[in-house]
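> What follows is a single structure, and I will ask about it in a moment.
The values are calculated or read from the model by the stated rules, or taken from the named source; none is laboratory data. Owing to the predicted nature of the structure, the values given are computational and were not obtained by experimental measurement. Positions of Cβ are backbone-derived with ideal geometry, glycine not excepted, and every protein chain shown enters the neighbour counts. These area figures cover heavy atoms from the full protein model, side chains too; ligands, DNA and RNA do not enter into them. Shrake-Rupley method; radii C 1.70, N 1.55, O 1.52, S 1.80 Å.
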Amino acid sequence: MTNIFEFLKTGFIYGTTVGMSRKEVLNILKTFDDAGSLNQPDLFSHVFKDTEFVFYEDELQLINFDLDKGAQVYLETEDHQQIVFTPQTSLYSFCETLDAQEIAWEFYQSLTGMKQITLMTEGETLAFFSFEDEIPKLEKIQLVLAATLPPNIQERLINIVMR
């Protein structure tokens, strides 16, 4: 399981953040658990401890915790309690936890056609909630750097974000 307090607060995880080169990330992490192409030139995905790192032209574009696919994350409080986030974590519970830990957040985007609500924390980390059920549930937590990418790569990253 991964403590995501710093990720939510600052946008850094394991000392890495979007915009870093693959070489810089590898120097920090030392190895990846898994690596593979995403069927796009210069677009690669690597996994490290339930964390997906997506690179385009060797620049880190996306850090992703996909809870629907088994990523295990928690937030450690000052008194060393672990608040575990799962796909069953409600929007209300997530926001309450952020407030209690003094992590600023705001509603970022609602995609009503996709039945999804997105929050952004002060670390510019996004939390995606699906509301196909009555109560919105947490799907994934990620940080994206995509504004400067070519449109076809932006579209590919959006598909990764939305999958």
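> From the list VAL47, VAL18, exactly one residue is outside the structural domain of ALA127 (by the TED database), under 14 Å from the mean Cα position of the chain (by Cα) and in a loop (DSSP other than H, G, I, E, B). Which is it? So that I can check it myself, show each step before the final result.
Values: VAL47 fails: in a loop (DSSP other than H, G, I, E, B).
Residue meeting the stated conditions: VAL18.
> Considering only the stretch 20-32, I want to know if a residue exists there that is closer than 22 Å to GLU139 by Cα and in contact (Cβ under 8 Å) with a residue 12 or more places away in the chain.
To start, the set of residues in the stretch 20-32 that are closer than 22 Å to GLU139 by Cα comprises none.
No, the stretch 20-32 contains no residue that is closer than 22 Å to GLU139 by Cα and in contact (Cβ under 8 Å) with a residue 12 or more places away in the chain.
> Now for a different question. Select from the stretch 75-96 the residues that are open to solvent by 30 Å² or more (accessible area, probe 1.4 Å) and of a type in the set (Phe, Trp, Tyr) and list them in ascending order. Can you show your working first?
Going through the stretch 75-96, the residues open to solvent by 30 Å² or more (accessible area, probe 1.4 Å) turn out to be 76, 78-84, 86-88, 92-93, 96.
Correct list: TYR92 only.
> Just to be sure I understand, how many residues within the stretch 40-74 are open to solvent by 60 Å² or more (accessible area, probe 1.4 Å) and on the phi > 0 side of the Ramachandran plot? Spell out how you get there, then give the answer.
Step one: of the stretch 40-74, the residues open to solvent by 60 Å² or more (accessible area, probe 1.4 Å) are 41-42, 44, 49-50, 57-59, 68-69, 72.
Right, trim to on the phi > 0 side of the Ramachandran plot and you get 42, 49-50, 57-58.
Number of matching residues: 5.
> Of the numbered conditions (1) touching a Ser or Thr at 6+ places or on another chain (Cβ under 9 Å); (2) hydrophobic (A, V, I, L, M, F, W, C); (3) in a loop (DSSP other than H, G, I, E, B); (4) modelled with pLDDT under 90, PHE107 satisfies every one except a single condition; which is it?
It is condition (3) that PHE107 fails.
> Exactly one of (1) modelled with pLDDT of 95 or more; (2) farther than 30 Å from GLN101 by Cα is unmet by ASP58. Its number?
(1)
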